[in-house]
């Protein structure tokens with residue numbers, strides 16, 4: 001019995017060590033970190049462990065780590081190690097984001113590890129990851145017919161009820177767009193051209209609040225929710241990969 005318990009302890013410790021060092025073998029993370037080692041506490045990644053449909057996976061990342069005086073998170077990347085393109089979605093944050101809790105929907109091509117990597121304005125890093133199992137690939141999108149002309153439509157912004165300046169509350173955004181990945185076959189030996197929403201930029205009275213960069217790992221109809229404490233004179237600008245833009249003001 002003691003031998004079995006000892007073996008179990010050794011296996012658990014081995015798994016923990018391997019799990020914490022996996023990022024060193026994932027270039028998308030290792031290249032961003034360079035020679036630095038991330039803090040592996042203070043950042044949480046909420047994603048289902050078993051996913052029936054990889055084309056639309058709910059994901060939430062939040063930060064509750066310690067920051068120095070005048071330090072804030074300035075970048076946050078979501079990365080997937082077995083997607084055709086490891087970049088899923090990333091965020092450029094300003095000090096107008098008082099609470100880092102970001103919600104979105106992503107695509108996953110197969111069972112793999114999903115990483116959340118955060119960087120502060122002072123160059124410190126935080127990292128967490130989750131292993132997930134995917135039943136149906138999300139990168140091929142399904143069997144719907146390709147559209148000849150894809151345009152962004154129906155931009156939506158949901159402000160919190162009775163927001164109070166200075167108090168953080170969640171703001172939700174979405175725009176209709178199929179986010180054609182470029183990985184789907186066209187039935188004639190080629191691939192349907194990639195067509196993506198490239199970014200969402202949010203400003204308040206002309207000052208940056210948050211910039212969101214979408215990639216092939218972002219699901220159709222890009223959705224993002226984030227917290228802010230500024231709710232007046234907001235401008236939301238979505239830009240597709242061809243430079244077309246859609247703007248909403250609140």
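The values are calculated or read from the model by the stated rules, or taken from the named source; none is laboratory data. Values in this document were obtained by computation on a predicted structure and should not be read as measured data. Cβ coordinates were reconstructed from backbone atoms using ideal geometry, including for glycine residues, and neighbour counts include every protein chain displayed.
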Inset, instruction - Residue by residue through segment 111-124, note down the ones that are over 23 Å from residue 223 (Cβ atoms), assigned to a strand (DSSP E or B) and either free of Cβ contacts under 8 Å to residues at least 24 places away in the same chain or over 15 Å from the mean Cα position of the chain (by Cα) (or both). - result: 120
Inset, instruction - Take the residues in segment 51-64 that are more than 11 Å from the chain's Cα centre (by Cα) and surrounded by fewer than 16 Cβ atoms within 10 Å (Cβ to Cβ), then tell me which one is farthest from residue 223 (Cα to Cα). - result: 64
Inset, instruction - Check segment 157-174 and report whether any residue there is without any contact (Cβ under 8 Å) to a residue 60 or more places away in the chain, surrounded by 15 or more Cβ atoms within 10 Å (Cβ to Cβ) and under 22 Å from the mean Cα position of the chain (by Cα). - result: yes
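Answer yes or no: is there a residue in segment 67-79 that is in contact with a helix residue (DSSP H, G or I) (Cβ under 8 Å, 6 or more places away or on another chain) and at pLDDT 95 or above. Walk me through how you get there before you give the answer.
First pass over segment 67-79, keeping only residues in contact with a helix residue (DSSP H, G or I) (Cβ under 8 Å, 6 or more places away or on another chain): 77, 79.
In the following step, the residues that additionally are at pLDDT 95 or above were identified as 77, 79.
For segment 67-79, residues in contact with a helix residue (DSSP H, G or I) (Cβ under 8 Å, 6 or more places away or on another chain) and at pLDDT 95 or above: present.
Table: residues versus (1) under 13 Å from the mean Cα position of the chain (by Cα); (2) surrounded by 16 or more Cβ atoms within 10 Å (Cβ to Cβ); (3) in contact (Cβ under 8 Å) with a residue 12 or more places away in the chain.
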| residue | (1), (2), (3) |
| --- | --- |
| 97 | no, yes, yes |
| 100 | yes, yes, yes |
| 109 | no, yes, yes |
| 126 | no, yes, yes |
| 129 | yes, yes, yes |
| 133 | no, no, yes |
Legend entry - Given (1) more than 29 Å from residue 175 (Cβ to Cβ); (2) touching a strand residue (DSSP E or B) at 6+ places or on another chain (Cβ under 7 Å); (3) at pLDDT 95 or above, number of the condition residue 23 does not satisfy: (3)
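Out of everything in segment 65-82 that is within 24 Å of residue 199 (Cα to Cα) and over 13 Å from the mean Cα position of the chain (by Cα), what residue ends up being surrounded by the fewest Cβ atoms within 10 Å (Cβ to Cβ)? Quick ask: steps written out before the conclusion?
Taking segment 65-82 and keeping what is within 24 Å of residue 199 (Cα to Cα), we get 72-82.
Filter again for over 13 Å from the mean Cα position of the chain (by Cα), leaving 72-74, 81-82.
Numbers: 72: 17, 73: 21, 74: 17, 81: 18, 82: 15.
Selected residue: 82.
Name the residues in segment 188-205 that are within 19 Å of residue 233 (Cβ to Cβ), more than 19 Å from the chain's Cα centre (by Cα) and either surrounded by 13 or more Cβ atoms within 10 Å (Cβ to Cβ) or without any contact (Cβ under 8 Å) to a residue 12 or more places away in the chain (or both), would you? Break it down into steps so the answer makes sense when it comes.
At the first step, the residues of segment 188-205 found to be within 19 Å of residue 233 (Cβ to Cβ) are 200-205.
From the residues that got through so far, the ones that are more than 19 Å from the chain's Cα centre (by Cα) too are 203-205.
Within segment 188-205, 203, 204 qualify.
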Legend entry - Qualifying residue in segment 209-228 (condition: modelled with pLDDT of 95 or more, on the phi > 0 side of the Ramachandran plot and within 20 Å of the chain's Cα centre (by Cα)): yes
